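What follows draws every value from the coordinates through simple rules; no lab data is involved. These numbers come from a predicted model, not from an experiment. Every residue, glycine among them, receives a Cβ derived from its backbone with ideal geometry; neighbour counts consider all protein chains shown.
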Amino acid sequence: MWAATFESRLQAWQTLRQSVSHLPAALCLEHINQWWFGTPWCSYYLHWDDRDSWPDPWQLLQDNIFCSLARGLGMLYTITLLDREDIKHSELVETENDNLVLIDSGKYVLNWDPDRIVNINPGITNTRHRVQQSSINHMIL
């Protein structure tokens, strides 16, 4: 169940990061994917053309509005804050059908399925936009 207040969402997010910090990469990413799929969904909140004004992770949790792009951005923020070498090369991409989080050149794909991460190439083609993990560091630090 998704937390009703900003303070409880923030605490739950911190608990998530602490609980996955030492798990094997695949299990860590699976937990992150499932946690963010628990957010209340809406059809539109963020847009790629407004990337310069995307919320930082704390504002994202406070706004409590999660389209596919916002959910993927939350996943990327979470991975970035973990600062783990084994999942360090991550990016958020817009494909023909959705906004996906790719880890290690697509070895793992998040924001595709709520119950599992994909660890095979699901045929990602025609990426329209992408943002590297290293490009969002300024929004966190």
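Which residue, of 82, 69, 76, is within 18 Å of residue 136 (Cα to Cα) and in contact with a Lys or Arg (Cβ under 7 Å, 6 or more places away or on another chain)? Only one candidate qualifies: 82. Within the stretch 1-20, restricting attention to residues that are surrounded by 15 or more Cβ atoms within 10 Å (Cβ to Cβ) and of a type outside the set (A, V, I, L, M), the residue that is farthest from residue 93 (Cα to Cα) is 9.
Would you confirm, using the coordinates I've provided, whether residue 36 is within 25 Å of residue 9 (Cα to Cα) and assigned to a helix (DSSP H, G or I)? It is true that residue 36 is within 25 Å of residue 9 (Cα to Cα) and assigned to a helix (DSSP H, G or I).
Could you tell me whether any residue of the stretch 46-58 is touching a residue at least 12 places away in the same chain (Cβ under 8 Å), in a loop (DSSP other than H, G, I, E, B) and farther than 23 Å from residue 10 by Cα? For the stretch 46-58, residues touching a residue at least 12 places away in the same chain (Cβ under 8 Å), in a loop (DSSP other than H, G, I, E, B) and farther than 23 Å from residue 10 by Cα: present.
Taken together, the residues in the stretch 21-44 that are surrounded by 18 or more Cβ atoms within 10 Å (Cβ to Cβ) and not small (Gly, Ala, Ser) amount to 8.
Looking across the stretch 93-108, the residues that are out of contact with any helix residue (DSSP H, G or I) (no Cβ under 8 Å at 6 or more places or on another chain), of a type outside the set (S, T, N, Q) and assigned to a loop (DSSP other than H, G, I, E, B) come down to 96, 106, 107.
Consider residue 61 carefully, then state whether it is part of a helix (DSSP H, G or I), exposed (fewer than 13 other Cβ atoms within 10 Å of the Cβ) and in contact with a helix residue (DSSP H, G or I) (Cβ under 9 Å, 6 or more places away or on another chain). Judged against the criteria, residue 61 is not a match.
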